[in-house]
Each structure stands twice: as C-alpha cells, then as structure tokens.
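Worksheet: the structure to be examined is printed underneath.
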Amino acid sequence: MNESALASLSPKQKGLIERFQSGQPLALSRVISHVENHRPGFESMLEALHGAVGRARRIGITGPPGAGKSTLTAALARWYRERDLTVGIIAVDPSSPFTGGALLGDRVRMDDLATEPGIFIRSMASRGSHGGLAASTRETADLLDAFGFDRILLETVGVGQSELEVASSTDSTLVVLVPESGDGIQAMKAGLMEVADLFAVNKADRPGADRLKREIEIVLALRSGKPGRPAAGHHGVDLSSLRAGREDPPQEERAGVADDAWEVPVIPCVASRSEGVEEVAETLEEHFRWLEASGRLADGRRAQAREHARLVLERAMGRQAMQAWESWLATEGADRELESRSPYAISRTVLSEVWPDAPTAEY
Amino acid sequence: MSERKIRVLVAKPGLDGHDRGAKVIAAALRDAGMEVIYTGLHQTPEKIAATALQEDVDVVALSILSGAHMTLFPRVLRLMTENGMDDVLLTGGGIIPSEDIEALQEQGVGQLFGPGTTTGEAVAYISRWFEESGRGVEA
Ligand SMILES: Nc1nc2c(ncn2[C@@H]2O[C@H](COP(=O)(O)OP(=O)(O)OP(=O)(O)O)[C@@H](O)[C@H]2O)c(=O)[nH]1
Ligand SMILES: [Mg+2]
C-alpha cells in the first residue's frame, strides 16, 4: 500500500480504492475504466495498488483472426476454475481507424463464463494510438493482478506489431494457428514464430492439422539450430530429469545456448470441444515452472517492468513535445518559418522549449 | 487526454433465434464511434447484468422480439440496480406496444425503439443521453 499515492486521491477516489481492496468487482471495473481513460488521478490509483501486483501468472493468447483464440481462452479458463484458480481475461479487438468505434465480440465464445464466480472478463478496444494499447492492457492486467486473480489471459489478434506487445507484457505466449489459415508461412511472416512459447494447432478436427504441426516443428528446429525434432518423449524425459536435478542453473550456463532451453511444443486441439485443452493448460503450467526454475521468470518480469516504464516515459515526453508544438504553431511567423527552415531546425526550436539542454543532433 | 468513448452493451435476451436486429444496431453504434460489446443470443438477465458490470458500460441496449419485454426489462433493471449500476442507461428496441413502453419508462427504463425506427435515432438518443449525463467529464 502506497500511502502518499493514496493521500493524493480525492475522497471519492479513495473510497473506490477501498472498495477495490475489499474485493468488490464493480470497483475493479470502475478503476479499470478510470485508468483506461486516463481520468484525473489514475496514476495515483495505479501507484496505490502497485504493491499488490506481481502474484498472477500472465498468459498471452494470440494468432490470426478467427483461429479460435476466444474459444480456447474460455476452455482454459474452465480448466483453471476446475482447479479452484481464479481467472481475469482481457480480450482486445481493433478499433476502426476511421470512426474510432469498435465491435468487441470475443465474449460470444465465453458466454457460459459471464456469471461464473472467480472469472472476470474485460473487453478492450485497441484505440490505435502508438503504444497506447500496450500501456493500457498492461495496466488492466496489473489491476486484475492486484485484485487477486491467479491467472490472467490476454487475447489479442496477431497481426503486425500486437504480438510483440503481447510477448513483452506476459510470462508465456500461446500462439493459436489453424490448418485453413494455410501455411505456417503466414505465421512466420507475421513474426509469430519468434514470440511463441507454445503453439496450439486448433481446429484439429479439420484436415491439414498434422501437416501444419510438422511445418511448425521444422521451422522451430531450423531456428534452434538443432538437427531435427527429437522423437516424441525422448527429449521430454531428458529435459525433465535435467530440470529436476538443477533448481538453480549457474548464470554462465543460461547465457549461451543453454541446454536447459525451452523447446516450444506444438499441441493439436479442438477448442470448441475442449479436446487437447488439458495438454495446452498443463504445458503452460510446465512453462511457468521452467521459467521459475531457470531464473528466467525474474528476468522476464524485469523486462516487462522496463518496457512498461519506457512506454509511460515515451508517452509523457511525446505529450509535452506536442503541447510545445501546438503553441509554436500558434505563434506569429510559424508559417513563414515552415517555408524557410528545415523540419529539423524547427524541431530543434520546439524541443528546446520542453528541454532547454536538448542535444542538437539527436534524432 | 483523449475524448472518452461511450461503451455500450448490446444484448439479445430471450429464446427467439435470430439476432439480425441486434447486430445492425451494434454496427451502427460502432460506426458512430462507440465501443460496443456484443454477446450473442439467448442472454439471461443475470448474464446481461454481470457483463454490464465487468465491462463498466455506460449503456445497456436490449433487443427483444419475443414479447417478453415486460418481464425482461424490469428484471435487468433490478439486477443492475442491485449491482450498484443505477447510473447506467437501460434502453432497447423490439416489437413493443406503446402502452408497454410507457409503463416501462415509468419504472426507469430509457427510451425504447419500435420496428419503424432508424438506427440513426437510437444513435442520436444514446449520444444525447451520454452528453447530458455528464459521464464524459466526471473525475
Ligand atoms: N471446427 C472447429 N471450429 C472451431 C474450433 N474452435 C473454434 N471454432 C470456431 O471458430 C470460430 C472462431 O472462433 P473464435 O474463438 O471466435 O476465434 P478468435 O480467434 O477468437 O476470433 P477473433 O477474436 O475474431 O480473431 C467460431 O465459429 C468457433 O466456434 C475448433 O476447434 N474446431
Ligand atoms: Mg476472439
């Protein structure tokens, strides 16, 4: 509990935070909106709750449109509930770049979870601004974490940059592909191979699932520089005995191509019939245990914190610079200078308003 | 600070099996710049209230063609009030006789739209309500 942050809140906001801390879902919901909309005091709310962040495991679920991400997310959430684990879900859909509106439809596939105690689902629109989504989804995840959820599932469509944002804000990344999306080639182009800790080949009830699984495995083997995928079971046994005997691998061993490296599994499933979901869920648990045992969890969490702080700084700087820009534009003579001076010279002038000691040649 | 988006839950309660009307209104609200949460067919009042709470929507819009509006609207309204969401607008549309509309509005339901109305009217109504509610500027 951060007392000074709490002290800077209005009595109404303080009441909201108290209701949050006593576990009222409406308070959680309203704090999320407050933060998402950057209403006055949102920073202090996040600071006040920051001490309670860090207990939940965060899992990103990404993949092409329609791959079955929401269906699988719902099935995973049910698996967790059967084990008495509570689940916070964040489902992100794109905003229209033209109207700014969004149709958030992921809940259709999570329908039976709406009234399930221990589950809280929040839909978010990407709102398209640079890094805006990245900061907002992280902050929503922080709030779900602080509220006490055991698992946080973050669903986003994997097209373009978003999957990188997912990977840098979660502990484990699950990439969902489907046979009909054609080739794994598409997935490779989209950068999904780089971020996956685990692949689910969903809609395995349709033809082509085996082929897709093999394609992914071949690419993974090429990337890891190993001669090929080991026969099923062989490496699994090998690795688990290694892991069991070595709780705390020395630093230098982690640095190179560690032989305790995680081998990305490719698991077929039929999310709509909950087939294969158990294996996906258990493998995610295994991945988390591996993160913990290998010391990579601490590294990953530090990287998450670093990226989040960087995004906040970037946004703050950008906002200040834009304010200075607007005032400069409003000055008499701005139009003339735009004609006679280079963009770099103008930028330097504006920047010196925000940052008097700005280096002159850093762009 | 960016302008605040209006969040709307569009829900289709009842047993009748098509949601064209609900999808049309959802798309119109999105095109008007709102963030629309859509949940599919056969929503129970309990699900609608729980979803409204988790999504912290400003507006809940129900599409009811089954004739069960006199039970569904009051039920959802009561559950929302119990959840502490009495500041949220409950509106909707469907085949609802005007005397029923009056009775429901007396209970606290907002404007209701019959089969003859255009989506534009519903969009304008929700925008105006949001404007007047002051929700866009609250601290
Ligand atoms: N045949 C088959 N269909 C599935 C399976 N899993 C999901 N579906 C169907 O695929 C469609 C899309 O599923 P969603 O879960 O909405 O997919 P999504 O990836 O979340 O979609 P977006 O969020 O729109 O990108 C739905 O009609 C599902 O019922 C599966 O294993 N087999
Ligand atoms: Mg989805």
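The values are calculated or read from the model by the stated rules, or taken from the named source; none is laboratory data. All of these numbers come straight from a predicted model, not from anything done at the bench. Glycine gets a Cβ as well: all are built from the backbone with ideal geometry, and neighbour counts include every protein chain shown. Side chains included, ligands, DNA and RNA excluded: accessible areas come from the protein's heavy atoms. Shrake-Rupley method; radii C 1.70, N 1.55, O 1.52, S 1.80 Å.
Okay, here's what the table says:
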quantity	calculated
Protein heavy-atom accessible area occluded, B/A pair - total, 1.4 Å probe, Å²	2700 Å²
Long-range HN-HN contacts of B:Leu90 with modeled amide H, under 5 Å	B:Val60, B:Gly110
Segment B:2-138 - Rg over Rh from alpha carbon coordinates, Kirkwood radius	0.92
For the protein assembly as shown: rounded, prolate or oblate by the Cα gyration tensor [a/c cutoff 1.5]	oblate
Distance in nm between pseudo-label sites at A:Gln323 and A:Glu278 (7 Å out along the Cβ direction from Cα)	5.8 nm
Peptide A:37-44 - average C-beta neighbours from other chains (10 Å radius)	2
Computed over chain B: relative contact order in percent, which uses C-alpha pairs under 8 Å that are six or more apart	25 percent
Segment A:286-323-segment B:52-85 distance, computed between alpha-carbon centres (Å)	39 Å
Listing of segment A:77-118 residues, each with accessible area lower by at least 40 Å² in the full protein assembly than in the chain alone (probe 1.4 Å)	A:Thr99, A:Ala102, A:Leu103, A:Leu104, A:Arg107, A:Val108, A:Asp111, A:Ala114, A:Thr115
Peptide-level mean, for A:24-33, of C-beta atoms on other protein chains within 10 Å	4
For B:49-58, mean number of other protein chain Cβ atoms within 10 Å	6
For segment A:1-52: rounded, prolate or oblate by the Cα gyration tensor [a/c cutoff 1.5]	rounded
Accessible solvent surface per residue of the protein assembly as shown, calculated while the other protein chains remain in place, 1.4 angstrom probe, Å²	47 Å²
Nearby aspartates and glutamates by direct alpha-carbon distance to A:Lys213 (threshold 17 angstrom, same-chain neighbours under 8 apart not counted)	A:Glu180, A:Asp183, A:Glu194, A:Asp197, A:Asp205, A:Glu263, A:Glu275, A:Glu279
Normalised contact order of segment A:1-138, rounded percent, pairs of Cα under 8 Å and 6 or more residues apart	20 percent
The protein assembly as shown - percent of accessible surface contributed by carbon and sulfur, probe 1.4 Å	54 percent
